[in-house]
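Q: Encoded as structure tokens, here's the structure I'll be asking about.
The values are calculated or read from the model by the stated rules, or taken from the named source; none is laboratory data. For clarity, every value in this text was computed on a predicted model and none was experimentally measured. Cβ: placed from backbone, ideal geometry, glycine included. Neighbour counts: every protein chain shown.
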Amino acid sequence: MQPGLLVCMTAPAQGNVIPPGALYACDNGKFGKGWPGEQPWFAWLTATVGRYRPDRCLWAVAPDVPLDAAATLAKSLPWLEPIRPLGIPAAFAAQDGSEHGLIPWDSIDVLFLAGSTEWKTSPASHRLAVEARERGLAVHMGRVNSRRRLRIAQAFGCTSCDGTYLAFGPDINLPRLLAWMNELHTTPTLFGDEA
């Protein structure tokens with residue numbers, strides 16, 4: 001992280017200490033366990049950005065409702081604007097069905113491809129990623145834990161991705177992950193923007 005090869009992903013229940021000088025991104029803890037509630041989440045986000053500086057933060061994802069596009073839109077809308085005054089980009093977690101007009105394009109800085117594995121690797125998700133890039137937005141894909149999924153994220157034009165791959169056997173998996181990343185930089189995907 002300190003050399004800039006990886007970014008630290010943090011969430012309210014993790015208790016991560018971000019290494020000095022490392023870039024970071026703020027998840028909300030809604031997928032899985034760890035969602036503290038809206039006000040405690042925003043207090044945590046405010047404190048995290050204050051402690052680690054806004055210029056090192058790639059984005060913070062607004063509260064969402066995993067796998068539910070309509071509920072995510074309703075849950076996220078009130079929080080997208082309060083994120084920006086912290087000096088950081090606001091991310092929106094797209095879910096299964098978000099392609100049906102459920103992305104608040106004018107209120108976001110980052111499109112976070114969340115949802116089910118099937119959806120976020122689907123043509124519908126790819127079209128949203130392409131549209132986001134055409135609008136000048138960054139694109140992030142969540143739960144990328146394999147070489148194949150990393151290739152899909154690259155083909156979709158994602159500017160970042162996350163996963164728990166390093167949490168399981170970091171001594172073995174860090175060299176593998178770094179090799180995959182090197183491969184991405186040296187061998188272009190066969191799909192390009194056609195994935």
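Q: Looking at the structure I just gave you, is W59 modelled with pLDDT of 95 or more, outside any helix (DSSP H, G or I) and either among the aliphatic types (A, V, I, L, M) or under 16 Å from T10 (Cβ atoms) (or both)?
A: Yes.
Q: When segment 105-141 is examined, which residues are found to be of a type in the set (K, R) and either more than 23 Å from A74 (Cβ to Cβ) or in a helix (DSSP H, G or I) (or both)?
A: The answer is K120, R127, R133.
Q: Within segment 109-151, track down each residue that is among the hydrophobic types (A, V, I, L, M, F, W, C) and without any contact (Cβ under 8 Å) to a residue 40 or more places away in the chain.
A: Hits for segment 109-151 are L111, W119, A124, L128, A129, A132, L137, V139, M141, V144, L150.
Q: crowded, with 16+ Cβ neighbours inside 10 Å and part of a strand (DSSP E or B): does that describe A93?
A: When the stated conditions are applied, A93 passes them.
Q: Kindly indicate whether any position in segment 45-59 is hydroxyl-bearing (S, T, Y) and touching a helix residue (DSSP H, G or I) at 6+ places or on another chain (Cβ under 8 Å). Working first, answer last.
A: Here is the first cut: in segment 45-59, the ones hydroxyl-bearing (S, T, Y) are 46, 48, 52.
Filter once more, keeping what is touching a helix residue (DSSP H, G or I) at 6+ places or on another chain (Cβ under 8 Å): 46.
Yes, there is a match, as at least one residue in segment 45-59 is hydroxyl-bearing (S, T, Y) and touching a helix residue (DSSP H, G or I) at 6+ places or on another chain (Cβ under 8 Å).
Q: Ok, one more. Considering each of D64, D27 in turn, give the residue that is closer than 21 Å to A124 by Cβ and surrounded by 14 or more Cβ atoms within 10 Å (Cβ to Cβ).
A: Sole residue among the options that is closer than 21 Å to A124 by Cβ and surrounded by 14 or more Cβ atoms within 10 Å (Cβ to Cβ): D64.
Q: Being closer than 29 Å to L174 by Cα, surrounded by fewer than 16 Cβ atoms within 10 Å (Cβ to Cβ) and either without any contact (Cβ under 8 Å) to a residue 60 or more places away in the chain or not hydrophobic (A, V, I, L, M, F, W, C) (or both) narrows it down to one residue among G4, G37; which is it?
A: Numbers: G37 fails: closer than 29 Å to L174 by Cα.
None of the others qualify; the one that does is G4.
Q: Could you please find all residues in segment 1-16 being in a loop (DSSP other than H, G, I, E, B) and under 24 Å from P63 (Cβ atoms)?
A: Residues satisfying the conditions are V7, A11, P12, A13, Q14, G15, N16.
Q: Follow-up. Do we find that A22 is in a loop (DSSP other than H, G, I, E, B) and surrounded by fewer than 19 Cβ atoms within 10 Å (Cβ to Cβ) in this structure? Walk me through how you get there before you give the answer.
A: Numbers: in a loop (DSSP other than H, G, I, E, B): yes; surrounded by fewer than 19 Cβ atoms within 10 Å (Cβ to Cβ): yes.
So A22 fits the description; yes.
Q: Any idea which of S98, S76 is over 15 Å from the mean Cα position of the chain (by Cα) and either modelled with pLDDT of 95 or more or not in a strand (DSSP E or B) (or both)?
A: None of the other options fit; the residue is S98.
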